[in-house]
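Structure first, then comments.
The values are calculated or read from the model by the stated rules, or taken from the named source; none is laboratory data. In this text the structure is predicted, and so the values were computed from the model without any measurement. Reconstructed Cβ throughout: ideal geometry from the backbone, glycine too, with neighbour counts over all protein chains shown. What goes into the accessible areas is simple: the full protein's heavy atoms, side chains included, and nothing from ligands, DNA or RNA. Shrake-Rupley method; radii C 1.70, N 1.55, O 1.52, S 1.80 Å.
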Amino acid sequence: MMETKVITCMETDDMDCLAEAGEILKKGGLVAFPTETVYGLGGDAMNPSSSRKIYAAKGRPADNPLIVHICRWEDIYQVVSGNISCRQALVNAKKLADAFWPGPLTMILPKSPTIPYETTGGLDTVAVRFPSHKTALALIDRAGGFVAAPSANTSGKPSPTLAKHVLEDMNGRIDMVIDGGAVGIGLESTIVDLTVEPPEILRPGFVTCKMLEEVLGSVETDAAILEDAKGLAPKAPGMKYRHYAPKGELTIVSGNRDKVISYINSKIKEEKLQGRKTGVIGTVESVGKYCADVIKSAGSREDELSAAKRLYGILREFDEENVEVMYSEAFAESGIGQAVMNRLLKAAGHHVVKL
């Protein structure tokens, strides 16, 4: 155990406060920091020891790749292979970068020899992201330009959207937490694999399939996004293992809204008779119709981005309130709703009731 220092640095602040954090990363330490998606747990992407420390702090399987964060487009050429066979992947990467970087998009490309296998989970590909959060960019620059960072939570738990979430999981395990307030999006970046043709979405996020198709043309979506990927080798963070899970049991219920509400309420009554504390994730349109002990609104059906922003916070609140069994309404399987469903399915261990 170590003492974890906490500093506050908002996007409107002078970034000189990040000098110490940059030095920690250069020396092989770990720093949690805000991005526009979730809080990341940063280490030097070029240092195998730093990547091993990230896996250890999170309790994360070592075959689960880390994302390399950069703060300048030209730095991509130091982490990606320059082989002629990679030319089309880099052409597509530049098109996507022009459209979405800096921003919540991660691209998988052939790795250069400078990136250690400890960072890529043993793969010959590397996941690269150029975030838009001002504090994140300033930290990456001060750390030398290449920061490997998964979400700053214990592996399997909901990703952190506030610094206090990071401390719940990482206090005493890492050197520093940078408190930048609440994040903007609330779900991890979209991941697109550019090493295959057509490119393939491995993790949905704010940048949707439709948005990617407008730039690249044909884009496929990995079947594991809304299916159980158990037994498959993870090509990107979050693909193989149970993620984002609360301590209690979570079930997703899909179908006609009135039937969903009736089914969930019937199950809640059964659970209450057994003395179990119950919870429900609903929407503005439905929360008043549930009878659970703890009822959370993920926002309006008219704005599923609100569900993205609220989801991880809700799952952590259920833990804080010792909820033992939870039910959630399903969300759309397109647009940002697909990203919400992807995270919910993993949190529920793919336990779904279809009415």
Toy charge model, Lys and Arg Cβ at +1, Asp and Glu Cβ at -1: the chain dipole around Cα centroid in debye, rounded to 20, equals 760
Projecting each Cα onto the charge dipole of the chain (Lys/Arg +1, Asp/Glu -1 at the beta carbon, about the Cα centre), which of MET211, ALA332, ILE191 comes out farthest on the positive side? ALA332
Most packed first (mean Cβ within 10 Å per residue), the peptides 311-324, 251-264 order as 311-324, 251-264
For LYS210, the lysines lying under 19 Å Cα to Cα, once residues fewer than eight places off in the same chain are dropped, come out as LYS94, LYS95
Ranking VAL207, VAL183 from most to least accessible area with a 1.4 Å probe gives VAL183, VAL207
Could you give the distance between the Cα centres of region 51-99 and region 316-348, to the whole Å? 29
Using a cut-off of 14 Å between beta-carbons, work out the net charge of the residues near ILE261 (Lys and Arg +1, Asp and Glu -1, ILE261 not included). +3
When the Cα centres of region 146-211 and region 282-297 are compared, how far apart do they sit, in Å? 28
In Å², nearest 10: area of LYS134 left accessible to a 1.4 Å probe: 100
Note: probe point = Cα of LYS5 + 7 Å toward Cβ; backbone nitrogen < 14 Å; residues of region 162-176 passing the test are 174-176
CD proxy at 222 nm, helix term only [per DSSP H run n ≥ 4: -39500 (n - 2.57); per residue of the chain; nearest 500]: -9500 deg cm²/dmol
The chain: antiparallel DSSP beta bridges as a percent of all, rounded to 5: 35
Distance from a point 7 Å along Cα→Cβ of SER262 to each backbone N in region 317-342: keep the residues under 18 Å and list them by number. 329-330
Using packing as a proxy for protection, rank 112-122, 36-46, 76-86 so that the peptide with the highest average count of other Cβ atoms within 10 Å comes first. 36-46, 112-122, 76-86
Sort 51-58, 285-292, 156-163, 21-28 for me by packing, meaning the mean count of neighbouring Cβ atoms within 10 Å per residue, highest on top. 156-163, 51-58, 21-28, 285-292
Heavy-atom accessible surface of the chain: percent carbon and sulfur, 1.4 Å: 50
Taking only protein heavy atoms into account and a 1.4 Å probe, give the accessible area per residue of region 108-173 in Å². 30
Residue-span extension gain [THR12 to LYS269] - 0.36 nm each, minus C-alpha spacing: 87.7 nm
With a ≥ b ≥ c taken as the square roots of the eigenvalues of the C-alpha gyration tensor of region 115-229, please select rounded if a/c is under 1.5 and otherwise prolate if a/b is larger than b/c or oblate if it is not? prolate
Could you work out, for the chain, what percent of all Cα-Cα pairs fall into each 20 Å distance bin, beginning at 0 Å and stopping at the bin that holds the largest distance? 32, 57, 12, 0
For region 84-167, list log₁₀ I(q)/I(0) at each q in 0.16, 0.22 Å⁻¹, using the Debye formula over Cα point scatterers of equal strength and ignoring solvent, two decimals each. -0.80, -1.29
